[in-house]
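Chemist: First the structure, then my questions, so here it is.
What follows is calculated from the coordinates using simple rules that are stated; it is not laboratory data. What you see is a predicted model; the values in this text were computed from it and never measured. A quick note on method: Cβ atoms are made from the backbone with ideal geometry, for glycine too, and the neighbour counts reach across all protein chains shown.
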Amino acid sequence: MLQSKRFEILKERPVNKDGFVTEWPEMGFVAMSSPNDPKPSIKVKDGKIIELDEKKREDFDMLDQFIADYTIDPSSAEEVMKLDSMDISRKLVDINVSRAEILEISKGMTPAKVLEVLNHMNVVEMMMALQKMRARKTPSNQCHVTNTRDNPILMAADAAEAGLYGFDEQETTVGVVRYAPFNALALLVGSQTARGGILTQDSLEEATELRLAMLGLTSYAETISIYGTEPVFIDGDDTPWSKSFLASAYASRGAKMRFTSGTGSEVQMAGAEGKSMLYLEIRCVMMAKGVGVQGLQNGSISCIGIPASVPSGIRAVLAENLATTLFDMEVASGNDQTFSHSEIRRSAKMLCQMLPGTDFIFSGFSAVPNNEDMFAGSNMDSSDLDDYLIIQRDMMVDGGLKPVNEEDVIEVRYQAAKSLQAIFEEFGFPAITDEEVDAATYANSSEDMPQRNVVEDLKAAERILQDGISGFDVALALAHRGYETTAERIFSLLKQRVAGDYLHTSAIINKDNVVVSAVNDENDYKGPGTGYRLSPERWDEIKNIRQAISPRDFD
């Protein structure tokens, strides 16, 4: 049988290496609307919710109970639930309806009601709503800084470069768990070499992550996972109450934190109970609201392959981001794990968050090559930075990043590596050679770095926890060796923890060491001419990419 030449070409396109499945509601392989999703309902008696989405209180699972007791306002719930869901959807899009009015409505909505509202909206309408509903007016971005060897010198240099590009948050993780303290140290030093106020985290098991935060080596956490069904929650040895306790532990020690959830996780762990991915994720969103955390890292995250394989799956990812903002929480909106062989498809997904703007457009733009990203690779990596910067310029949109020049990158990478070299000398850690400093200054990946003695490095890394070496100790060491600017920036970051202002919803710290959050930078979008608008200075920064030539030069 003859084959179409055109179909032969199509078959070889990158997108056809992706996996796609038909819907299977019984196992949760449905994005936004399953026949098994409950219908919206609520009953309140004596100030207590006794029925939630067709389920009586005696039949509540632990998520139902938590949401009923800590998230939904029983004083307004019955009136809110009488509102037509289509009308609420239209209010979300209507520029004449304020964000504050929507937030009041959300207090009385059940998970099934939120699902019904979102199912009335197409992608463009969700993007319009997201532009209005995000907590902080000014959009921002977060990156991953990791490498396959857990090389601290390279990590410090990469963190410095990422800081120069404008990432307000930086996240690392480890290949070898015992390296964790070195990774936290390298990220702290590298980021603060670029500029003050960058928040960092080391994604680990929760006890170690909290210890590093208490030492002041990290300043926030987000990999605190929650799930939308009771069996999956129990499988993780957790409950909503245990997660609440953990959130309090971070906050009481001045560390910012948000939870992580996302469509598809329950399917991936075989516990979807036949419900749609979005319904289960809305339960996670409402649980996070009840706990009182700043927000959520959501957008499917590490489970993105699941919603991306079913119809309307990428729409569901956008819907879960919007759901988070409906409850006045910050959203770090995914885009942090690669899901497609198609550059077109990856860009299309990312634009759903970049164009309307979110609190953090990526919860992990890989500031390193994807084969170095220990989070399994991001939707975009360091080789995509120019594309991203040019999209900002093309669309006149703020994606949170700024163009850099090669000379500045080389200089800041060198300074970060030299700073870490001085710290290692001060603490008696295995020496960082000048050869390693030079290699990190110009490196693309750990392949460009000399090998280190892993055994000796691991012993030294463990000393950080054993001896309780803190962020303050790091600042003193830097000051002693003449790196006063970076020392001051680290010390200022530690002072922010005492003040606690960056525990407000959607907080970042700008280059002037001022906290910018939903409190002092509240989103006030009400249509054209309102909300976040590029200042002339910011627009000049975005449009002056290094590739642009001046026609005047050819007069």
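Chemist: Quick one: angle between helix 313-326 and the longest Cα principal axis of the chain, in degrees between 0 and 90, rounded to 10, please.
Modeler: 90
Chemist: Place a +1 charge on the Cβ of each Lys and Arg in the chain and a -1 charge on the Cβ of each Asp and Glu, then give the dipole magnitude about the Cα centre in debye, rounded to the nearest 20.
Modeler: Details: 55 positive and 86 negative charges, 235 e Å.
Roughly 1140 debye for the chain.
Chemist: Rank by packing, highest mean first: peptides 53-61, 190-198, 433-441, with packing defined as the count of other Cβ atoms within 10 Å averaged across residues. Display every interim value, and only then the final one.
Modeler: Numbers: 53-61: 13.9, 190-198: 27.7, 433-441: 17.8.
Going by the mean number of other Cβ atoms within 10 Å, highest first, we get 190-198, 433-441, 53-61.
Chemist: What full-extension length gain, to one decimal in nm, is calculated for A376 and E537 as 0.36 nm per residue of separation minus the Cα-Cα distance?
Modeler: On the way: separation 161, 0.36 × 161 = 57.96 nm, distance 3.62 nm.
Fully extending the segment from A376 to E537 adds 54.3 nm.
Chemist: Of I490, A443, A431, which is farthest on the positive side of the dipole of segment 406-502, counting Cα position, with +1 on Lys and Arg Cβ, -1 on Asp and Glu Cβ, and the Cα centre as origin?
Modeler: Toward the positive end, the furthest listed residue is I490.
Chemist: If R₀ is 22 angstrom, what is the calculated FRET efficiency for the pair E426 and V455, using the beta carbon separation as r and rounding to 0.05? Could the numbers behind the result be given before it?
Modeler: Numbers: r = 22 Å, r/R0 = 0.98.
Given R0 = 22 Å and the Cβ-Cβ separation, E is 0.55.
Chemist: When you have a sec, figure out the Kirkwood radius of segment 406-502 from all distinct Cα pair distances and drop it here in Å to one decimal? Please report the intermediate quantities before stating the final value.
Modeler: On the way: mean 1/r = 0.0674 Å⁻¹.
Over segment 406-502, the inverse of the mean reciprocal pair distance is 14.8 Å.
Chemist: What is the angle, in °, between the Cα long axis of helix 277-291 and the longest principal axis of the Cα atoms in the chain? Nearest 10 is fine, range 0 to 90.
Modeler: Helix 277-291 and the main axis of the chain meet at about 70 degrees.
Chemist: Taking a threshold of 21 Å on the Cα-Cα distance, which of the pairs K48/K107; K5/K349; K48/K113 fall above it?
Modeler: On the way: K48/K107 15 Å; K5/K349 30 Å; K48/K113 18 Å.
K5/K349, as the Cα separations exceed 21 Å there.
Chemist: If you don't mind, another one. What is the calculated FRET efficiency for D394 to K56, with r their C-beta to C-beta distance and R₀ = 51 Å, to the nearest 0.05? Before the final figure, lay out each step's value.
Modeler: Numbers: r = 54 Å, r/R0 = 1.06.
Rounded to the nearest 0.05, the efficiency is 0.40.
Chemist: Quick one: what does P(r) look like for the chain with 10 Å bins over all Cα pairs, in whole %?
Modeler: In whole percents, the pair-distance histogram is 4, 18, 28, 25, 16, 7, 2, 0, 0.
Chemist: From zero up to wherever the largest Cα-Cα distance of segment 284-357 sits, split into 10 Å bins and tell me the percent of pairs in each.
Modeler: Pairs per bin, as whole percents: 20, 53, 23, 4.
Chemist: Subtracting the Cα-Cα distance from 0.36 nm times the residue separation, let me have the gained length for V97 to L355 in nm, one decimal. Don't jump to the answer; show the numbers that get you there.
Modeler: Numbers: separation 258, 0.36 × 258 = 92.88 nm, distance 2.08 nm.
Fully extending the segment from V97 to L355 adds 90.8 nm.
Chemist: Ranked from highest to lowest mean number of other Cβ atoms within 10 Å per residue, what is the order of the peptides 311-317, 66-72, 457-463?
Modeler: Working: 311-317: 23.1, 66-72: 21.3, 457-463: 18.0.
Listed from highest to lowest mean packing, they are 311-317, 66-72, 457-463.
Chemist: Under a point spin-label approximation (7 Å from Cα along Cα-to-Cβ), what is the D501-E447 distance to one decimal in nm?
Modeler: 4.6
Chemist: Of the peptides 177-187, 380-390, 419-429, how do they stack up when ordered by the mean number of other Cβ atoms within 10 Å, highest first? Each step should come with its number before you reach the end.
Modeler: Details: 177-187: 25.9, 380-390: 18.3, 419-429: 20.0.
For the peptides 177-187, 380-390, 419-429, the packing ranking is 177-187, 419-429, 380-390.
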